[in-house]
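Report on the following structure.
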Amino acid sequence: MKKILITGAAGFIGSHVAEKILRKYKNSKIVLYDKITYAANIKYLNSIIFEKNVTFVKNDILNYPVLEKNLKNVELAINVAAESHVDNSFGNSLLFTKTNTLGTHSFLEACRKQKVKKIIHVSTDEVYGENLKKKSFTESQILNPTNPYSASKAAADMIVNSYNHSYKLNVITIRANNIYGTRQYPEKLISKTIYSFLKKKKMTVHGRGNSIRYFLSVNDFCNGLIKILDKGKSNTIYNIAANRSFYTLDIIKIISRHLNVDFKKNIIFIKDRPFNDKIYKINCEKLKRLGWSEKEKLEVKIPQICDWYKKNLKLFNK
Ligand SMILES: NC(=O)c1ccc[n+]([C@@H]2O[C@H](COP(=O)([O-])OP(=O)(O)OC[C@H]3O[C@@H](n4cnc5c(N)ncnc54)[C@H](O)[C@@H]3O)[C@@H](O)[C@H]2O)c1
């Protein structure tokens, strides 16, 4: 690959993807493109941004002319930019549609104009909606998003579908379940619990804390993305999922145990989301057939992630 562009590169997943991509394509020019929202931090890119083949562009994917200019001669483009927090989407849903739907459209159109050969679009399992059935959803499941975040992502996936068909653009979509790791803004379950306990604050729990979620480490996610990059079929969707699920309350318990926090005294139950999917259940056999499997165990990773937050608490001005 002569040139690669990654959007959302200064965010949680994007920064880990960027590091992996640089390691794999040492001789490629790499453009890291990010608007730097509250969830991002340029410091996440400290280990790679000073390399001579890496350029950082602070801009919006909705700024079409700038994005298209930066996609000139790009052979691989990876779209990770998004508004990613469901809770925020209830109060500010238009921003989610602008960034996630229109932003993805802008990205695809710019890729089309610049004839980008290979495109990876990062989506989410939430586009399928709740799955109370025994059987997990495959990639051909009809989409049934239930909150403004997942709806904006599902709409983006539909636009990807249209670009695959109408323009024969080579876009591969990845739909992952919850991802955890270092550098995640403390608003999602794992990062927020760690941050709250380290700041001696109580952790808020939606409803009764009995939603069920699958959690995949960001490393396993990135390895899945690389596997898809190497072996994935054009114009295809790949689910990527962890093997085990947890009640949200159990995740908080695991973290409290590690941080020596009295669990019962340090949680507050709050009103649930306007609508909260009980469980997302996806099947990633298609990706496993390419040779990917989950390697990292949540209980082993949590202490390492806690250490990172201890050292980096100052990054978050909450
Ligand atoms: N975190 C998860 O658990 C999870 C799970 C499945 C899928 N995903 C998907 O992965 C992607 C990344 O999620 P994340 O958790 O890293 O989110 P994040 O909020 O940490 O990062 C998003 C990044 O996108 C950037 N961004 C936002 N709007 C932009 C715009 N208009 N132009 C350019 N950059 C913009 C932000 O500055 C930030 O760096 C999203 O598409 C999300 O839907 C996340």
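Give me the one-decimal Kirkwood hydrodynamic radius in Å for segment 31-183, with the sum taken over alpha-carbon pairs.
After inverting the pairwise mean of 1/r, the radius is 16.4 Å.
Under the rule of at least 5 residues apart or a separate chain, name every residue whose amide H is placed under 5 Å from the amide H of Thr173.
His121, Thr236, Ile237, Tyr238
Thinking of the chain as a set of Cα atoms, what percent of all their pairs are more than 31 Å apart? Walk me through the numbers on the way to the answer.
Details: 13567 of 50403 pairs.
Looking at the chain, the distances longer than 31 Å represent 27 percent of pairs.
Per residue of the chain, what 222 nm ellipticity follows from adding -39500 (n - 2.57) for every DSSP H run with n ≥ 4, rounded to the nearest 500?
After summing the helix terms and dividing by residue count, I get -10500 deg cm²/dmol.
Accessible area of segment 162-318 with a 1.4 Å probe: how many percent of it is carbon plus sulfur? Working shown, then result.
Working: 3680 of 7520 Å².
Roughly 49 percent, rounded to a whole number.
Using a 1.4 Å probe on the protein heavy atoms, what percent of the accessible area of segment 8-149 belongs to carbon and sulfur?
C and S fraction of accessible area: 54 percent.
Quick one: angle between helix 148-166 and the longest Cα principal axis of the chain, in degrees between 0 and 90, rounded to 10, please.
The helix 148-166 is inclined about 20 degrees to the chain.
With every protein chain left in place, what is the accessible area per residue of segment 41-105 in square angstrom, probe 1.4 Å?
So segment 41-105 comes to 49 Å² accessible per residue, rounded to a whole number.
Please state, as a whole number in µm²/s, the translational diffusion coefficient that the Stokes-Einstein equation yields for segment 1-94 at 20 °C and 1.002 mPa s, with Rh defined as the Kirkwood radius across alpha carbon pairs. Could you put the intermediate results ahead of the total?
Numbers: Rh = 13.5 Å.
My calculation gives 158 µm²/s for D.
Using a cut-off of 16 Å between alpha-carbon atoms, which aspartates and glutamates can reach Lys201, once sequence neighbours fewer than 8 places away in the same chain are excluded?
Correct list for Lys201: Glu187, Asp262.
Considering only Val218, Val205, Val300, give the residue with the highest GNM mean-square fluctuation for the chain, with springs between Cα atoms whenever their separation is below 10 Å.
Among Val218, Val205, Val300, the largest GNM mean-square fluctuation belongs to Val300.
For segment 183-309, give the magnitude of the charge dipole about the Cα centre (Cβ charges: +1 Lys/Arg, -1 Asp/Glu; no others), in debye to the nearest 20.
Here segment 183-309 has a charge dipole of around 280 debye.
Mind checking the per residue accessible area of segment 271-318 for me, 1.4 Å probe, whole number of Å²?
It amounts to 61 Å² per residue over segment 271-318.
Greater than 32 Å separation of Cα atoms is the criterion. Which listed pairs, Lys43/Lys69; Lys20/Lys98; Lys29/Lys281; Lys43/Lys202, meet it?
Lys29/Lys281
Based on Cβ point charges of +1 for Lys and Arg and -1 for Asp and Glu, what charge dipole magnitude is obtained for the chain about its Cα centre, in debye rounded to the nearest 20? Write out the running numbers ahead of the final one.
On the way: 56 positive and 26 negative charges, 133 e Å.
The calculated dipole for the chain is roughly 640 debye.
Quick check: the angle from helix 189-198's long axis to the longest principal axis of the chain, C-alpha only, nearest 10 degrees?
Orientation of helix 189-198: about 50 degrees from the principal axis.
For segment 113-125, what does the Karplus curve 6.51 cos²θ - 1.76 cosθ + 1.60, with θ = phi - 60°, yield as ³J(HN,Hα) per residue in whole Hz, taken in order and with x for Gly and Pro?
Those phi angles translate into 4, 8, 6, 5, 6, 9, 9, 10, 10, 8, 10, 9, 5 Hz.
Across every pair of different alpha-carbon atoms, what Kirkwood hydrodynamic radius in Å does segment 133-289 reach?
The answer is 17.4 Å.
Quick check on segment 28-79: take the gyration tensor over C-alpha atoms, sort the square-rooted eigenvalues as a ≥ b ≥ c, and tell me if it's rounded (a/c under 1.5), prolate or oblate. Walk me through the intermediate numbers first.
On the way: a/c = 2.22, a/b = 1.11, b/c = 2.00.
Oblate, since a/c reaches 1.5 and b/c is not below a/b.
Specify whether the C-alpha gyration tensor of segment 95-150 places it in the rounded, prolate or oblate class, a ≥ b ≥ c being the square roots of the eigenvalues: rounded for a/c under 1.5, otherwise prolate if a/b is larger than b/c and oblate if not.
oblate
On a 0 to 90 degree scale, rounded to 10, what angle separates helix 12-24 from the longest Cα axis of the chain?
50 degrees
Have a look at Ile212, Asn27, Asn170 and report the one farthest towards the positive end of the charge dipole of the chain, computed about the Cα centre with Cβ charges (Lys/Arg +1, Asp/Glu -1).
Toward the positive end, the furthest listed residue is Asn27.
Shape verdict for segment 252-298, please, from the Cα gyration tensor: rounded (a/c under 1.5), prolate (a/b greater than b/c) or oblate.
It comes out oblate by the Cα gyration axes.
For segment 141-260, with every protein chain kept in place, what is the accessible area per residue (1.4 Å probe, Å²)? Walk me through the numbers on the way to the answer.
Details: 4650 Å² over 120 residues.
Value for segment 141-260: 39 Å² per residue.
Quick one: give the max-minus-min coordinate of the C-alpha atoms of segment 75-123 along each principal axis, largest first, in Å.
Per principal axis, max minus min of the Cα coordinates gives 37, 15, 10 Å.
Over segment 192-273, what lengths in whole Å, largest first, do the semi-axes of the equivalent ellipsoid take, defined as the square roots of 5 times the eigenvalues of the alpha-carbon gyration tensor?
Values for segment 192-273, descending: 33, 15, 10 Å.
The values are calculated or read from the model by the stated rules, or taken from the named source; none is laboratory data. Model, not experiment: these values are computed from the prediction. Heads up, the Cβs are rebuilt from the backbone with ideal geometry, glycines too, and the neighbour counts pull from every protein chain shown. Only protein heavy atoms, including side chains, enter the accessible area calculation; ligands, DNA and RNA are left aside. Shrake-Rupley method; radii C 1.70, N 1.55, O 1.52, S 1.80 Å.
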